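No lab work stands behind these numbers, since they all come straight from the coordinates. Since we're looking at a predicted model, the values are computed, not measured. For neighbour counting, all protein chains shown are included, and Cβ atoms are generated from backbone atoms with ideal geometry for every residue, glycine included.
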Amino acid sequence: MTVDRPITEDDLQAHIDGALDPKREAAVERYLAEHPDVARRIETQAGQRAALRAAFAPIAEEPLPPSLNLDRLIAARRRPAVPTWRAAAAAVILLAAGGTSGWLLRDTLATPESGVTALAREAADSYAVFAVDRSRPVEIRAEATDQLVRWISNRLNRSIAVPDLSASGYRFMGGRLVPTPHGPAGMLMYDDDRGTRLVMLVRPMEAEQDAPMAPSRNGDIAGYTWAQGGLGYSLVGPAAPDVLHPLADAARRQISGAI
Amino acid sequence: MDDIGILVGPLIPPLRRYARALLRDRAAADDLVQDCLERALSRWHQRRAEGSTRTWLFTILHNLALNRMRTIARRGPHVAVEDAMLVGPANQEDALRHRDLLRALETLTEEHRSVLLLVSVEDLSYAETAKVLDIPVGTVMSRVSRARERLAAALDGQPAMRESHLRRVK
């Protein structure tokens, strides 16, 4: 007879879940035969596992409510996201207001934000969606930075560079391409040892091709945004402005050196 | 998007089951699953082709449930609606057993409850559960063991105490 590794609590739990390979399973069964106290406890727990499954099984048998009909959810996504009533209402107001006062509404109807203000908001939006994602924050990880840079550069039609913020304690995690109202943008993500994540968004600028660095704030997310040679950059994160500002300066320095 | 139906469709009933077991509220649970599916559809292209769709969807759902439970907790004590979620077991004895089981489950912490449901009811592997909960596999193992211990103690406590109390009264 071979000498088994000592049986652990993990083995006993895996035995309950039927997750052991046959050899280990046999060892656990031998052990349980010799230890009736443990066997009783494990048997009770196995019985409760079965009872839990039985108690919740009927929920998965219920017919799905219409709100969870996948075809409908997919179809709903294909409809325009912007509520058309808003545009219609605006048109009605314009018509009613006539030519003289209608121009007052011009700004609200045209693109509401542009330039670095818009970019700062888009960066905060990307942060809100991706930085909180624990399982898949980035599409391409830092190990494949070349591939990421190629991808983003191709889609933006501009060559981009990835600033190195490691001197300030922020490691490059990777990035992805993200959509914005002004076309595709490259998103780069960094984190520090405490797991604080920063997002940098880069995209071509139509308005404000060159703009000095400006602070921004969207909720808890602070940011610094600037434009240089037709490309806009926005570094955002849940850090204090005096932490973020030198990081943005460092990024800008490196970018102007690299491109 | 044609593979969505094939990959996601069969997972909707288990997602509903997990959401309801966590929230103990049918309408809130279904809202949560709808939210989860909408997110999944909008992020479908970001899903790793080689990754498991099930793990991915359970991760989205679990995180939504956590946020939701935190909001509820902030608003004040939760009123248990456990009886509403029972789907009418065949006989009264079963119904009582189910109620005891759900009550016992209620006494567990959220961490213990979710690990138990994912492993015991949803049949996720320990590695998949670790991904969904964003914790190491070793932590999953020790939580499963602790959770089962607590559940057994809670179940042991309830009816047994009642019986011995009755006997003493006699």
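Contact order, relative form, for the stretch A:113-258: 24 percent (alpha carbon pairs under 8 Å, 6 or more residues apart, mean separation divided by residue count). Remark: spin-label model distance residue A:5-residue A:143 equals 2.5 nm, labels positioned 7 Å along the Cα→Cβ axis. Stretching residue A:194 away from residue A:207 to a fully extended chain increases their span by 1.0 nm, per 0.36 nm per residue minus the current alpha-carbon distance.
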